[in-house]
Ligand SMILES: Nc1nc2c(ncn2[C@@H]2O[C@H](COP(=O)(O)OP(=O)(O)O)[C@@H](O)[C@H]2O)c(=O)[nH]1
Ligand SMILES: [Mg+2]
């Protein structure tokens, strides 16, 4: 799934009917906030109830440094002997289809594999915290005092996606101030969006992690109808995402006169980029109309038989 491509698509299609049972929890926040340490403690809490877990840690650092990958293994080290916990570090670079597409597919593999809970760690920078929304049932934004202007950093959009706010490193003196800042920020929101709990944790000692788990479990979709609605919304976004990647690929792949004309018109100020996009989309649509429909789903995939 990380590598993408046609084989991944085919496999994904085959396993989708077996998904939908897992709860997906996203942890996001600035580097150094203690996400990995907190996940480690949170997973330990989850394991007390026997729930099986898969952790997908999206590592934004250079593969050359190897530091973060190793670090997460060390910070989540207590689970390495536990077959009920699967840990995978995923490089966030090089996904042409966007991180959310592959992370969704990876989450679906883990779901189909029968894990009860899937935990995704992403660094809250750039697109990734927005993309996590598309995958996770419950979104936790982790903050900590002493990370510079940390609360400022989460102001821009990231607060909006949180179902739960965590102030980790509550053992540090400035934690109370961070809690106050977050609470006052929440008070500025619409009334319906204010009931986001702010939970203090000390990930390194496990303090507050039981409270975090209780808060998470309150947000689990209860009825089958609610679960089905969430699943449908997720698939909707997945298809839109795939469509965007498909269209992008088609447009980038075209250098024929019609496309060059549209580019020239943008250059000359005769068309806005939006207008040119619509014109080029129309060209691509004509092309799409000529693509033969997909072959019927091959049930041999499910039976584990080779597909030639
Ligand atoms: N004082 C204190 N340090 C913590 C706590 N949680 C994590 N740390 C430390 O903060 C650093 C960053 O933690 P890490 O889990 O790697 O953060 P991440 O980048 O958000 O995944 C590590 O040195 C941790 O040991 C905490 O609750 N209190
Ligand atoms: Mg980490």
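Between residue 3 and residue 282, what length in nm is gained on full extension when 0.36 nm per residue of separation is reduced by their alpha carbon distance? Display every interim value, and only then the final one.
Values: separation 279, 0.36 × 279 = 100.44 nm, distance 3.04 nm.
Value of the extension gain: 97.4 nm.
Ranked by the mean number of other Cβ atoms within 10 Å of their residues, highest first, the peptides 22-30, 250-258 fall in the order 22-30, 250-258. Shown is the FRET efficiency for residue 217 and residue 242, computed with R0 = 35 Å from the Cβ-Cβ distance and rounded to the nearest 0.05: 0.65. Label separation (residue 80 vs residue 10): 3.7 nm, computed from points 7 Å beyond Cα along the C-beta direction.
Between residue 227 and residue 267, what FRET efficiency follows from the Cβ-Cβ distance if R0 is 51 Å, with the result rounded to 0.05? Kindly include the intermediate steps, with their values, before the conclusion.
On the way: r = 50 Å, r/R0 = 0.97.
FRET efficiency, residue 227 to residue 267: 0.55.
A short reminder: the numbers here are calculations on the coordinates, not readings from a lab. Keep in mind the model is a prediction, meaning the values are calculated, not measured. Note: ideal-geometry Cβ built from the backbone for every residue, glycine included; neighbour counts use all protein chains shown.
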